[in-house]
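J.: The structure follows.
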Amino acid sequence: MNALVALCHFCELHGPRTLFCTEALHPPSPSPSSQAGPSVPGERDRDGDREGEGLTMRANSSATQRGEMCEGCRSLPASHPGFVSIDDETGIRFLSHQHPRQPQLFSVVRQACVRSLSCEVNSDVCPGREGPIFFGDEQHGFVFSHTFFIKDSLARGFQRWYSIVMVAMDRIYLINSWPFLLRHLRLTIQSLQSTALKVFDNEQGVCPQRAVRMNSVFSPAVFPHQRSGNAARSLTSLTQHPNLWASLHSSFSWLLKACGSRLTEKLLEGAPTEDTLVLIERQTEQEEEMSCWEGAEGGGSKSQRHQSEIERARDFLCDEAKLDDLPGPKFRSLRHLRQVLGAAEFRQLAWHVLMGNQVILRGADPGLIQSAFTVLKSLLPVGCVRSVPHSAQYEEAYKCNFLGLSPDVAIPTHVSSSEFSVLVDITSERGCQISAVGEDNISSLYQFTISSANTQPTDRGPSLLNKLEVALSNENLSVDVVSHCLLCLKEEWMNKVKVLFKFSKVDGRGREDTQKVLALLGTTGPGEEDNVRLLKFWMTGLSKTYKSHLMTAVRGGERSPSQ
């Protein structure tokens, strides 16, 4: 992570000072000369020595600055080379000394130190001046700061003011790391405070300073000398920790490494897909709704009910990688489902899925039903999926287009007589044991009965289903190849959906012009009615981001090319 961690202290004589600083030094890019031949043995160790020598030279070169420092402003002795740790996996070196190794960083850390211990205090966020706060700008970097107090029997108010700051140029990364940084920095701060508190209690037990100060004679002439004598106490003497700075170096180095590895950037080639946009939107909506329910008054039972709804909504995230977690027999792919049901029954079921009709599976094995939904949902864009994998009562079609029911749940008459739904009853074969036939032999364990009031033929279209069946029936193609083929088909038809949405909904063209566009998209001819019905259903799965982008472009007079 391109960041820097520093421990700062407010000295009663010299003001805010940087005590200890840890930064990450990334390895340089390999040069052509280094790629031409092997590295010299021991070269890496010599580089580490040179880093230590550089730190020592910088420490010895600021005699003037040392003259302005008391014991409370100094961490390491002038002759100390600093601390260096090397990450063997990445080659990153973590260097710790009192000040940063680069002059540009010195001023940045200095400004962060002054602001964290002086002006950047929010009484609402940091009651009692202790706690985390975020500030910064593009020029001087962004800072996550956590201020705290350390007990000192000789200090004014019996405590001294410290802060730990993390400085980075990436504002978004630093804000996203807020919970992680807050949790682990508090552990470090609590360790320092508890150790210093023990020393404070021991000193107060030997010589209570409150009584001494109340009985001492106050004089303006001797007050500066009293303050000067009490100000020069280092953090090492306050905690009586013999390896304090080495421990802080380990803690800060781990923090930089862990914070840099917990969040990773993923390079997306091209624009994000509609599935990606819909997933992001749904996750954001769920987080906002959960926070609203948690903050509502008297919403205990409502919160539990809403939590179950959230769990249902998250079911669309289930993919084929989670099939192994389901107990008992399960469908592993579309080809496996087609082999069990048969070609004609599979086409009928897949046709209803693509048309947006409600698919109802009724049986006693929830794992089998959920696995069937998992493979069937791969036929649709994420935005078109509304799934309830298991329910003790019937749910209306506007709530879900995939519904799993127990065997004893009755189907309403208006549903069983509707052409916009299909029912698959799953019954167990009598006298057939799983241990005898195996879990993969589903056709020997269960019997599948498909019923629907639909009278429209399903053997003409849509064109997507025709092409998919060709790929499924080709045994030379593996399951992975068929999955990629389906992904390409979905992207092809999703692009057609975007064009149709832009042309008909945004531009408001007439029916005649829309028919010409359908002809250009290759959706006319055999199965035209099914193709148009598929396009209209998939149009409901477009992301809000894409729709708002188009509407904004049209209202702003822009003419961006259709995606």
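J.: Just name one of 157, 199, 173: the one whose Cα is farthest towards the positive end of the charge dipole of the range 152-212 (beta-carbon charges, Lys/Arg +1, Asp/Glu -1).
T.: 173
J.: Could I ask something else about it? Quick one: Debye curve from the C-alpha atoms of the range 165-204, no solvent, what's log10 I(q)/I(0) at q = 0.33 Å⁻¹?
T.: Debye curve over Cα of the range 165-204, log10 I(q)/I(0) at q = 0.33 Å⁻¹: -1.02.
J.: Which value, in debye to the nearest 20, gives the size of the charge dipole of the range 438-542 about its Cα centre, when Lys and Arg are +1 and Asp and Glu are -1 at the Cβ?
T.: Details: 12 positive and 14 negative charges, 147 e Å.
Roughly 700 debye for the range 438-542.
J.: Under the rule of at least 5 residues apart or a separate chain, name every residue whose amide H is placed under 5 Å from the amide H of residue 386.
T.: Amide H to amide H, under 5 Å and 5 or more residues apart or across chains, residue 386 pairs with 401, 402.
J.: On to the next question. Quickly rank 372-380, 344-352, 198-206 as a protection proxy: mean count of other C-beta atoms within 10 Å, highest first. Working shown, then result.
T.: Values: 372-380: 21.9, 344-352: 19.9, 198-206: 13.6.
Going by the mean number of other Cβ atoms within 10 Å, highest first, we get 372-380, 344-352, 198-206.
J.: What three numbers, in Å, describe the spread of the alpha carbons of the range 477-529 along their principal axes, ordered from the longest?
T.: 44, 25, 15 Å, listed from the longest principal axis down.
J.: Please compute the Cα-Cα pair-distance distribution of the range 348-430 with 5 Å bins starting at 0, giving whole percents from short to long.
T.: That works out to 3, 15, 29, 28, 17, 6, 1, 0, in percent per bin.
J.: Ignoring ligands, DNA and RNA, what percent of the 1.4 Å accessible area of the range 73-185 is carbon and sulfur? Display every interim value, and only then the final one.
T.: On the way: 2750 of 5010 Å².
Answer for the range 73-185: carbon and sulfur cover 55 percent of the accessible area.
J.: Show the residues, 5+ positions off or on another chain, whose built amide H is closer than 5 Å to the amide H of residue 92.
T.: Residues meeting the amide H criterion: 87.
J.: Among 494, 531, 484, which residue has its Cα furthest toward the positive end of the charge dipole of the range 481-543, with +1 on Lys/Arg Cβ and -1 on Asp/Glu Cβ?
T.: In the range 481-543, that residue is 494.
J.: If you don't mind, there's one more thing I want to ask. Place a +1 charge on the Cβ of each Lys and Arg in the range 459-508 and a -1 charge on the Cβ of each Asp and Glu, then give the dipole magnitude about the Cα centre in debye, rounded to the nearest 20. Intermediate results must be reported in sequence, preceding the final value.
T.: Details: 7 positive and 7 negative charges, 77 e Å.
So the dipole magnitude of the range 459-508 works out to roughly 360 debye.
J.: Cβ neighbours within 10 Å, averaged per peptide: list 499-505, 454-460 in order, most packed at the top.
T.: Working: 499-505: 18.4, 454-460: 13.3.
In descending order of packing, they fall as 499-505, 454-460.
J.: Can you give the accessible area per residue of the range 435-501, in Å², using a 1.4 Å probe? Could the numbers behind the result be given before it?
T.: On the way: 3470 Å² over 67 residues.
Accessible surface, normalised per residue, equals 52 Å².
The values are calculated or read from the model by the stated rules, or taken from the named source; none is laboratory data. Computed from a predicted structure; not experimentally measured. Neighbour counts are summed over all protein chains in view; Cβ atoms, including those assigned to glycine, are modelled from backbone coordinates with ideal geometry. Just the protein is used for accessible areas: all its heavy atoms, side chains included, with ligands, DNA and RNA removed. Shrake-Rupley method; radii C 1.70, N 1.55, O 1.52, S 1.80 Å.
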